[in-house]
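See structure below.
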Amino acid sequence: MTAGAALVTGGARGIGAAIAIRLAESGHDVAVADVRDAGETARAIEAFGRRALALSCDVRDDAAVAAAVGATEAKLGPLTAAVQVAGVWETIAFLDLDPAAWRRVLDVNLDGTFHVCRHAARAMAPRRAGAIVVIASNAATLAWAGGVHYTASKAAVVGLVKGMAYELGPLGIRVNAVCPGTIDTPATADELADPAARERQARSVPLGRVGQPGDVAEAVAFLVDPVRAAFISGESLYVDGAYGTHGEDAGFGGQVHSVV
Ligand SMILES: NC(=O)c1ccc[n+]([C@@H]2O[C@H](COP(=O)([O-])OP(=O)(O)OC[C@H]3O[C@@H](n4cnc5c(N)ncnc54)[C@H](O)[C@@H]3O)[C@@H](O)[C@H]2O)c1
């Protein structure tokens, strides 16, 4: 029994790969769109007995995104779920943030999200059904040093999700955001390579560890489910071990309780 076709952008590695594979596990045929080769993710999807499509697609390119949605429906059938994961960040102090650096992040994280959501929604609208999930970040509501442009892009994405949920609800399309904290992926590998840095990061999270791509994938699998998440739209689900309750430099040490 198929759960329909899903499109996952940024699925060649990291969080996107985990989501694509998790959606295959829950019965989706999955198209993986990325600027990197997504063949490895496609093979993992097929290992679940599902159909897979590896698409070369830059989410900054509106026409390429339209083509990716078209190819997904042509090869895998009606799109029931679209997950916009492709994203980038660079750590640059605000006073050094020139317009080119600003654009490098905004073009992917915000414009790319707009392109993917619009084309996915246009495909879903005639059938009056579908779920869109956007991977934002807990940085949507938290500052970090050198991350003004990233925070701005992810906060904008959360606003985009609210607006789309309002307009697309009457068309039977649900739209939600997932806001991860620090997750162990190739993009954070350098930052977490030093065991002391990893330990510091883990200690700053009330649940005491760095997140894994599978933590995010579970949230997405829930949100795209037309039964379990049937009445949830316009929401942002934080998957950050409660990090967002206190902020980057709060220095939580886990030693606040005297009775345990
Ligand atoms: N890893 C974290 O700690 C973390 C935390 C919060 C939010 N996020 C968000 O989760 C998403 C995935 O992060 P990740 O850590 O897995 O990153 P990653 O770099 O490991 O994977 C991102 C994928 O997106 C692809 N991509 C980049 N630009 C693209 C473009 N223009 N078009 C198509 N594909 C493109 C990359 O090729 C890569 O395969 C991003 O949106 C990121 O902002 C990550």
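Values in this text are rule-based calculations from the coordinates and carry no lab data. The structure presented is a predicted model; accordingly, all values stated were derived computationally and were not measured. All Cβ positions, even for glycine, are placed from backbone atoms using ideal geometry, and neighbour counts span all protein chains on display.
Asp61 meets all of the listed conditions (1) touching a residue at least 60 places away in the same chain (Cβ under 8 Å); (2) more than 23 Å from Asp225 (Cβ to Cβ) but one, namely (1).
Taken together, the criteria exclude Asp194 from residues that are within 16 Å of the ligand (Cβ to nearest atom) and either among the aliphatic types (A, V, I, L, M) or touching a residue at least 40 places away in the same chain (Cβ under 8 Å) (or both). The residues in the range 124-158 that are among the small types (Gly, Ala, Ser) and part of a strand (DSSP E or B) can be counted, and the count is 2. The set of residues from the range 4-37 being within 13 Å of the ligand (Cβ to nearest atom), assigned to a loop (DSSP other than H, G, I, E, B) and of a type outside the set (Val, Ile, Thr) comprises Gly10, Gly11, Ala12, Arg13, Arg36, Asp37. Just so you know, in the range 45-65 the residues that are more than 14 Å from the ligand (Cβ to nearest atom) and part of a helix (DSSP H, G or I) include one that is farthest from Met124 (Cα to Cα), and it is Glu46. Condition test on Thr72, is it among the hydroxyl-bearing types (Ser, Thr, Tyr) and surrounded by 17 or more Cβ atoms within 10 Å (Cβ to Cβ)? Yes. Taken together, Ala129, Ala101, Ala136, Ala121 contain a single residue that is aliphatic (A, V, I, L, M), surrounded by fewer than 17 Cβ atoms within 10 Å (Cβ to Cβ) and under 18 Å from Met164 (Cβ atoms), which is Ala129.
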